[in-house]
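The values are calculated or read from the model by the stated rules, or taken from the named source; none is laboratory data. Given the structure is predicted, the values throughout are model-derived calculations rather than measurements. Cβ coordinates were reconstructed from backbone atoms using ideal geometry, including for glycine residues, and neighbour counts include every protein chain displayed.
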Amino acid sequence: MAKSESEMTWRDLNIGCIVTEPGSARQYQSGTWRSQRPTYEFKKCIRCGLCSLFCPEGCIEQNKDGYFEANMYYCKGCGICARECWPRVIKMVEEEEK
Amino acid sequence: MTQRVGVEVSIAVADAVRMANPDVVAAYPITPQTHIVEHLAELVANGEMDAEYIPVESEHSAMSACLGAAAAGARTFTATASQGLALMNEVLYVASGMRLPIVMVVANRALSAPLSIWCDHSDLMSVRDTGWVQIIVENGQQAVDNTLCAFRIAEDRRVLLPVIVHLDGFNLTHVIEPIVFPEQADIDKFLPVSSYPLPLNPDKPVAMGSFAPPFIFTEAKWAQEVALKNSKGVVLECWSDFSKISGRGYSPVEKYKSDGAKVLLTTMGSIGETASVAIDRMRAAGKDVGLLKLRLWRPFPFDELRVAVKDADVLIVLDRDLSFGGPGGVLASEVKAALYSLERKPKVVGFVGGLGGRDITMDGFEDIVNKGMEIARKGSQHEYEIYGVRE
């Protein structure tokens, strides 16, 4: 797509907003919905992957060290991962907190 | 030479649909539209029409099935009335937003309660803002002609919007009128095979009706508004081309002895015929009156209306609908809005009458014109007048 969605004018839209490009919803940054974000204490993580199974957004993947971590472009901050993480690796904090 | 044949208007409309050669008809019967879809079902069952007829369980499903069929590129037709139109309301907005060229005939009928199967325009007004092109006809011939035109307008690449042809329930649907059908060969040329630009196709997949976040929704709605406004040019072109094969022309605001008249009456639908005869009688008696009949309801013909009323001092608007607790009739309200910005404009007097199938006779129209002229002279404390209610 030549223009990003936020640059598109009404003339750029396909008839009836028909989408011809597969997977175009990936562009949509649902991370802006977030009011809380997950923080991680990875030394407690047993890499069970339970958080990634429960994540309704499907945005949790293993990072380079093999720990499970949310992609913040998509993470809506729902906190389900923190709730399900039984070794208590994940803690939700308010977005404005450092 | 084409012949005039005596035929019930519903049957004639169904025959016009057959001539348009649709691929899919999905419909649910409801009075007073039933004869239209019954006859279509019969034509398909008898092999006289090569279409899929989908008998659905509700009008909501009828419109949903039309949506799917049109999305696959099929030429698609349905018909309904009143409560059925109300039930499919949700899907009407989807059809226009998705820019699917569905054609629907609505046999105008009052909305319940109390239950009424008779004609008024409360159903018509309930779909005013659905984004469909809307034509309203006055007699059976106009219903046939405009049903054929509706397919051409809807499928035009510059439009790609669904189209409603409104015709009054019973007053038109159930009467036998002399109808001239165009030649099939002419219609085949007039309505080439439909080709939707981006249909559902497994070899070239598309996603339709997808989600639009706030940053693109306004653009999507503006694109739809521009398409509906611009459709007027295509409607005019279509009517002009149709007149070449039929000899019958249409215009968004049809004028009847209105040029130069100081008092004008405005109507929609079949009562325009009675009103025409009433105008003849009033003119014969020396009254300076004329008649305007709205043929194109959406897109609203602002320019044509403004030109048509330019010499008038009084404009009496008769609505067969009522916006409860509001300004009265919807047509009168829109006419007032259309004229508001003009320096010189007629006084607009709104009447609501003919609700739930009550007839307005020639004497009735004379009465309305006389009362309207009196109100224009003396003023009134009411937003509108209700005609014929017993005190």
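Taking region B:1-115 and the strands (runs of 3 or more DSSP E) fully enclosed by it, no element has 1 or more residues that are crowded, with 24+ Cβ neighbours inside 10 Å and at positive phi. Could you tell me which residue of region B:119-149 is farthest from B:Gly6 (Cα to Cα), considering only residues that are β-branched (Val, Ile, Thr) and surrounded by 24 or more Cβ atoms within 10 Å (Cβ to Cβ)? Ranking the candidates gives B:Val133 first. Checking B:Lys204, B:Lys229 one by one, the residue that is under 18 Å from B:Leu296 (Cα atoms) and surrounded by fewer than 16 Cβ atoms within 10 Å (Cβ to Cβ) is B:Lys229 and no other. Of all the listed residues (B:Leu191, B:Leu198), the sole one being surrounded by 13 or more Cβ atoms within 10 Å (Cβ to Cβ), touching a Lys or Arg at 6+ places or on another chain (Cβ under 9 Å) and free of Cβ contacts under 8 Å to residues at least 24 places away in the same chain is B:Leu198. For region A:60-75, state whether one or more residues are basic (Lys, Arg) and more than 14 Å from every other protein chain (Cβ to nearest Cβ). Taking every residue of region A:60-75 in turn, at least one turns out to be basic (Lys, Arg) and more than 14 Å from every other protein chain (Cβ to nearest Cβ). Against the definition (more than 26 Å from B:Leu85 (Cβ to Cβ), touching a Ser or Thr at 6+ places or on another chain (Cβ under 8 Å) and at pLDDT below 95), how does B:Phe181 come out, yes or no? In short, no. Out of curiosity, is B:Thr31 over 21 Å from B:Ile136 (Cβ atoms) and either in the same structural domain as B:Pro182 (by TED's automatic domain parsing) or of a type outside the set (D, E, K, R) (or both)? No: the conditions fail for B:Thr31. Any residue at all in region B:147-162 that is among the small types (Gly, Ala, Ser), out of contact with any Cys (no Cβ under 9 Å at 6 or more places or on another chain) and not in a helix (DSSP H, G or I)? No, every residue in region B:147-162 fails to be among the small types (Gly, Ala, Ser), out of contact with any Cys (no Cβ under 9 Å at 6 or more places or on another chain) and not in a helix (DSSP H, G or I). Scanning region B:305-324 for residues that are buried (at least 20 other Cβ atoms within 10 Å of the Cβ) and of a type in the set (Asp, Glu) gives B:Asp319, B:Asp321. Given the condition among the aromatic types (Phe, Trp, Tyr), part of a strand (DSSP E or B) and more than 23 Å from B:Gly388 (Cα to Cα), answer yes or no: does some residue in region B:254-266 qualify? Within region B:254-266 (the criterion being among the aromatic types (Phe, Trp, Tyr), part of a strand (DSSP E or B) and more than 23 Å from B:Gly388 (Cα to Cα)), the answer is yes, since at least one residue qualifies. There is at least one residue in region B:340-363 that is assigned to a helix (DSSP H, G or I) and closer than 24 Å to B:Ala285 by Cα. Answer yes or no as to whether B:Ile117 is out of contact with any Asp or Glu (no Cβ under 7 Å at 6 or more places or on another chain), outside the structural domain of B:Leu292 (by TED's automatic domain parsing) and in contact (Cβ under 8 Å) with a residue 40 or more places away in the chain. Spelling it out, B:Ile117 is indeed out of contact with any Asp or Glu (no Cβ under 7 Å at 6 or more places or on another chain), outside the structural domain of B:Leu292 (by TED's automatic domain parsing) and in contact (Cβ under 8 Å) with a residue 40 or more places away in the chain. What do you reckon, is B:Val352 touching a helix residue (DSSP H, G or I) at 6+ places or on another chain (Cβ under 6 Å) and crowded, with 20+ Cβ neighbours inside 10 Å? No: the conditions fail for B:Val352.
Looking across B:Arg75, B:Arg99, B:Arg109, one residue alone is in contact (Cβ under 8 Å) with a residue 60 or more places away in the chain, under 24 Å from B:Asn171 (Cβ atoms) and either among the basic types (Lys, Arg) or outside the structural domain of B:Pro197 (by TED's automatic domain parsing) (or both). It is B:Arg109.
Answer with yes or no whether B:Glu237 is at pLDDT 95 or above and within 13 Å of chain A (Cβ to nearest Cβ). Criteria not met by B:Glu237.
Residues in region B:360-391 that are among the β-branched types (Val, Ile, Thr) and surrounded by fewer than 17 Cβ atoms within 10 Å (Cβ to Cβ): 3 in all. Restricting attention to region A:78-98 and to residues that are in contact with a helix residue (DSSP H, G or I) (Cβ under 7 Å, 6 or more places away or on another chain) and part of a loop (DSSP other than H, G, I, E, B), the residue that is nearest to A:Cys55 (Cα to Cα) turns out to be A:Cys85. In region A:1-55, the qualifying residues are those that are more than 9 Å from chain B (Cβ to nearest Cβ), of a type in the set (A, V, I, L, M) and part of a helix (DSSP H, G or I), and the one that is surrounded by the most Cβ atoms within 10 Å (Cβ to Cβ) is A:Leu50. Restricting to region B:188-229, and then to whatever is part of a helix (DSSP H, G or I) and either outside the structural domain of B:Asn146 (by TED's automatic domain parsing) or closer than 22 Å to B:Arg75 by Cβ (or both), can you tell me which residue is nearest to the chain's Cα centre (by Cα)? Taking the candidates together, the pick is B:Leu228.
Screening B:Asp156 on (1) farther than 22 Å from B:Ile30 by Cα; (2) surrounded by fewer than 22 Cβ atoms within 10 Å (Cβ to Cβ); (3) away from chain A (no Cβ under 14 Å) shows it passes everything except condition (3). Of the residues in region B:172-187, at least one is surrounded by 24 or more Cβ atoms within 10 Å (Cβ to Cβ) and either among the small types (Gly, Ala, Ser) or in a loop (DSSP other than H, G, I, E, B) (or both). Could you tell me whether B:Thr34 is within 19 Å of B:Thr147 (Cα to Cα), touching a residue at least 40 places away in the same chain (Cβ under 8 Å) and hydroxyl-bearing (Ser, Thr, Tyr)? So B:Thr34 fails the test.
Counting the residues of region B:277-288 that are surrounded by fewer than 19 Cβ atoms within 10 Å (Cβ to Cβ) and either without any contact (Cβ under 8 Å) to a residue 24 or more places away in the chain or part of a helix (DSSP H, G or I) (or both) gives 7.
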